[in-house]
Structure formats: C-alpha cells, structure tokens
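What follows is a set of notes on a single structure, which appears directly below.
Bear in mind these aren't lab numbers, they're just calculated from the coordinates by the rules spelled out. In this text, all values refer to a predicted model and were calculated from it rather than measured experimentally. Positions of Cβ are generated from backbone atoms using ideal geometry, with glycine treated the same way; all protein chains shown enter the neighbour counts.
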Amino acid sequence: MDMINILTVFILAIFVGFEVITKVPPTLHTPLMSGSNAISGISIVGAIIATHVSGTLGTWLGLIAVIFATINVVGGFMVTDRMLKMFKRR
Amino acid sequence: MEYINLFYVTAAVLFIFGLKRLSHPRTARSGNLIAAIGMLIAIVATLVGYAHLDFRLIIIGFIVGGLIGAIFAVKVEMTAMPQMVAIFNGFGGGASALVGMAEFYTKAAPAALQAHPSYYDLTTIVLSVFVGTLTFTGSFVAFGKLQGFITGKPVVFAGQKTLNAILALLLVGFAVGTVLVPANMMWYFLAVIILSAILGVTLVIPIGGADMPVVISLLNAYSGIAAAAAGFVLLNNGLIISGALVGASGLILTNIMCKGMNRSLTNVIFGAVGLEQEGAAGAQKQMNIKSYSTEEAAMILDAAEKVIFVPGYGLAVAQAQHAVREVADYLEGKGKTVMYAIHPVAGRMPGHMNVLLAEANVPYNQLKDLDEVNPEFEDCDVAVVLGANDVVNPAARHDKSSPIYGMPILNVDKARTVLINKRTMNPGFAGIPNELFGYDNSIMVFGDAKQTLQQLLKDLKEL
C-alpha cells in the first residue's frame, strides 16, 4: 500500500465520519463521545503488533501499550453501554 | 498477510454502522454493541494474522487493562462521567504514542540500525508520538481539574503564551531534527516526547472549568488523530479509518460546544476566561435580591401550570438528579406540564445533563435543547434554575461589555417567575455577575440543590 492510497482512505473516512456523526442528537452527545472514544482504542491493534519488538525496552513499550489500549477499549464500550441502558422514553 | 486488511475493513464498516445507530436513543445501545464486535474482529484478526507476537505479554496486557477498564466502567458515578471520558481519552492517546515509540525502537535503535529508516517512517512516527503524548498528558490534566486534584480555575501566569510558543517552536525543531539528522536522532526523538508531554500540560492548565466541554471534545478528536497517525506508521487501514472517524466526531462536538458559547476555538484555548474580567461594569450594580423559603417556593409551584427545569453543573455537584425528577414527577402528577431545558454547554462535557437525568429515569423526550425550549419560556409559569448560571445570564443578549455577550442562552427571564436555587451568592465559574438574580420576576432559594429539592417536595406534599 503506498502513501497516496493510504491518504485517500484517511480523507474519505473523515468525510464519512462527518456525515454519520452530524446526525447525532444532543441527548446522546456523551455516549457518542465515550463510544467513539472506545473506537479510538483501535490502537490496540498497533499495540498487539508492537509486542513483537525484540529487546527489553521494546517489550515494555509493547506491554504498556496493550494495557493502555485495553483499558480504553473495555472501559469505553462498557461505560457507554451502561449509559445507553438508562435512556428511556415514556 | 494481505487478507487481514479485509477484516480491518469489516471492523471499520461495523464502526460506521455502530456510530450511525448511535443517532437515536432506541438504536444506540445496539450500535455500541456492533462497534464492540467490530473491535473484537480487528483484535482477533491481528492475533491470528501477525507472526512472532508475544502472546504472554498480550494476555497479561489484556487481563490487566481489561480489569482496570471494567472496574472503572462499572464503578464510576454518572456525575463523574466527564473525568472518566477524559482519562479513557488519555489512555487511548498514550497507547498510540507508545506504538509510535516501539516502532521507532525497532526501526531506529542503534543495534538495529543497519539501514537508515525512511523519511516516511520517521515523519509518521514523530507525528503519532507527538499527538499521542500530548493527548495523554493533556487528558490527565483535564482529569485532575474535573476531579478537583488541580484547581478548576484557569491557571495563568505572565509570559504563558510566549512559553507555549517557545515550546512549540522547539518541538518543531526537534521533530525536523529527528527526521533529518540521523546522528542525533535518539536525543532529538527523546526531546520530542518530553516537549509533547509538557505542551499537553501547558495547553490545558489555563482552561477554566466552564470551558471543559470544549477541551474534552478536542482531546477526544486528538485521541482519534493519534490512532490514525499510528495507522500511518504501521500502514494499517483499520487504524486509519477508525482514527479518522473518531477525529471527525471529536471535531464536530468541539464545534458544537464552541457555538454553544459563541466563542472561537482559539479564544477558548488561549482566552483563559474567568480572570481578567473581574470588576466589569455589571459587578458594581446593586441588586435587589429576594430570598424565599422552600415553603414559599412550593406555593408558587403549586399555582403553576407549566414548569421548566433548567439544570446546570451545580446539579451534578450536588448529585440532585433523582431529587429533581421526584419533584418534577410530583408536579406532573398534579396535571402540570413539565419539561427540562438543556443548554449545549451545561455541565462539564457535551450531553452531561442528559446522561445525569437519564440515570434518574427522566424520559429523554422531556429533555429539550436550546432552540426547542426557548419559545416555551414565553408562556411558562415557573422556570426552576438549578445550579446553572452563565447559560441563563440575560447579559449575554444585550450587554456588550459582558464577556459572555453573544452566547446563546436559555431565556428563563421570559418566564412569569424564575426560581433560582444556588448554594451562595458567589458568581458562577466564569466569575461573571448574573443580573438575572436581581430581576423583578426572580426569586432565590439558597441551599444545596439536593436538600432544597427534597425539602421542596415535602412542602409541596404538605400543601
């Protein structure tokens, strides 16, 4: 994959993001934020890959990265679910 | 290896579907679940698709991180949601920065340095480490402010902007050095990390509590951008798409929050509102304040037909969300029309009040946003202001000398009676005096929001 391709994907994804998220009503802004925050935990993929880095320093960096990203992913999705459970209509 | 990108695209599609379903309360919960499934697919694909992974480390990381995240998620009070989101943002940014650092270590560590890493590699690594580290330290400062570890007031000192400018220039210098000067690459890179960390602190520390919704939204955007940058480092589509989605979402929210305060982003970040306006023209005006007891307030509410509640940060501090719902339910039971007016920047993060009231079982169709609710005040008998201040200050409409002039506000003063609950007469977070308190149709009930509301309910029942 070359640089131009990857940049194309990036720019198109930003447009998709704008399209999808503009429609979220103010009532759901907090869950949107914590939910999208959990999605930014996708760096967990990078963290997993980083564990192949050999040598002590690289190993530690990889381990801490996995821990951080997992906190982000697990905590983010769980707390969003907890919030959304509470939204009820009458 | 090639097929793995197919799974990442699947994950990204699920993220988009999930975010789309988040646009309605009925579908939102399943949307979150769909996004979580997308994440699972991305993780499993990575574990299976990449060779030479250290599974021992990964499992330790999953267990430790998963436990910490789960405990946080289950234990946190709804009132503490802003700091929770801030800290999760920080971990996300930190993870992206660490990915960049680990990649630098493989590609540029002296032992491994057979071939000079490409300019592309170095540039993307520096970017991901810069944004990620800044997000990490900035989020922790925001967390500290929201949690009360650091003062919520703007921290300003002489030469602050100059200092930030110097830091930023140094950072750019070392970043360019890392990419272009192989001989000192290690040291320059280290300087980039340290300067990014300092800049995260110095950029967030001058921002006051009332401006926190903007900062949290912005840090949310940064955490996405950091993930995308890490994606550029690893040439990984999954990270790039997801990071871009989150970045876009954070920027939209930042924009909505800025509009809610009628301020530009630069003004929020560099304005440090809340200090320089002390002693503005309005402060000297004598106000004639009428202090009422809860009994008298109960009588006024009893005679009303239409009541609008206006919650603010004070409600969150007092944990009064259940108390207000009980009063509202009682009034509704008496046949009165009841609704809640939610200002976009009420509280400390976007949608803060909505989540609090949802926790107290307030149905979301009773929550009205600014444009929807403002016409309603015209024929409203009582507007009950609970721990909100700047967002109901009429000075924003007419007083050009007021620092909040031009900010869209809830027109509570149009109601026949405005019942204001506050702890003391102290001005709000922004330190701006509120002329509403002296209006002829305003009455004040002093006291803690929760206790006042509970007492009010008792008095209502005894009428």
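Could you list A:Arg89, B:Arg263, B:Arg397, A:Arg82 so that the one with the fewest beta carbons within 10 Å of its beta carbon is first and the one with the most is last?
Numbers: A:Arg89 9, B:Arg263 21, B:Arg397 15, A:Arg82 18.
Lowest to highest Cβ neighbour count: A:Arg89, B:Arg397, A:Arg82, B:Arg263.
Applying 1/(1 + (r/R0)^6) with R0 = 30 Å to the Cβ-Cβ distance of B:Leu163 and B:Asn255 gives a FRET efficiency near 0.60. Each Lys and Arg contributes +1 and each Asp and Glu -1, all at the Cβ; summed about the Cα centre of chain B, the dipole is approximately 660 debye.
Maximal additional length on extending the B:Glu326-B:Leu40 stretch stands at 98.9 nm, based on 0.36 nm per residue less the C-alpha distance.
Could you calculate the contour length gain from B:Ala80 to B:Lys290, that is, 0.36 nm times the residue separation minus the distance between their Cα atoms, to one decimal place in nm? Before the final figure, lay out the partial values.
Values: separation 210, 0.36 × 210 = 75.60 nm, distance 3.32 nm.
Difference between extended and current length: 72.3 nm.
Annotation: amide H of B:Thr417 within the under-5 Å range of B:Val382, B:Ala383, sequence separation 5 or more or interchain, hydrogens built in the peptide plane. The charge dipole of the protein assembly as shown, taken about its Cα centre with unit charges on the Cβ atoms of Lys, Arg (+1), Asp and Glu (-1) only, comes to about 460 debye.
Would you please classify the overall shape of the stretch A:3-86 from the alpha carbon gyration tensor, given that a ≥ b ≥ c denote the square roots of the eigenvalues, rounded means a/c under 1.5, and beyond that prolate means a/b larger than b/c while oblate covers the rest?
Values: a/c = 4.84, a/b = 1.39, b/c = 3.49.
Oblate, because a/c is 1.5 or more while a/b does not exceed b/c.
Does the stretch B:144-185 come out rounded, prolate or oblate, given a ≥ b ≥ c as the square roots of the eigenvalues of its C-alpha gyration tensor, rounded meaning a/c under 1.5 and, failing that, prolate meaning a/b above b/c? Oblate.
For chain B, the longest principal axis of the Cα atoms and the long axis of helix B:55-75 meet at an angle of about 0 degrees. Seen against the Cα atoms of chain A and their longest principal axis, helix A:76-86 is set at about 10 degrees.
Here the Karplus curve 6.51 cos²θ - 1.76 cosθ + 1.60, taken at θ = phi - 60°, turns the phi angles of the stretch B:121-128 into couplings of 4, 5, 4, 5, 4, 4, 4, 5 Hz, with x standing for Gly and Pro.
If Lys and Arg each add +1 and Asp and Glu each add -1, what is the summed charge of the other residues whose beta carbon sits under 15 Å from the beta carbon of B:Leu245?
Net charge in that neighbourhood comes out at +2.
Mind scanning B:Lys259/B:Lys450; B:Lys306/B:Lys400; B:Lys306/B:Lys461; B:Lys334/B:Lys450 and naming the pairs with a C-alpha gap bigger than 24 Å?
On the way: B:Lys259/B:Lys450 31 Å; B:Lys306/B:Lys400 32 Å; B:Lys306/B:Lys461 18 Å; B:Lys334/B:Lys450 22 Å.
Where the Cα-Cα span goes over 24 Å, the pairs concerned are B:Lys259/B:Lys450; B:Lys306/B:Lys400.
Counting neighbouring Cβ atoms within 10 Å and putting the fewest first, the residues B:Ile71, B:Ile58 line up as B:Ile71, B:Ile58. Which pairs break 30 Å Cα to Cα here: A:Lys88/B:Lys20; A:Lys85/B:Lys145; B:Lys161/B:Lys368? Among A:Lys88/B:Lys20; A:Lys85/B:Lys145; B:Lys161/B:Lys368, the Cα-Cα distance tops 30 Å for B:Lys161/B:Lys368.
Quick one: net charge of B:Arg26's neighbours, Cβ under 12 Å, K/R +1, D/E -1? That sum, taken over residues with Cβ under 12 Å, equals +4. Axis of helix B:294-303 versus longest Cα principal axis of chain B: the two differ by about 80°, to the nearest ten degrees.
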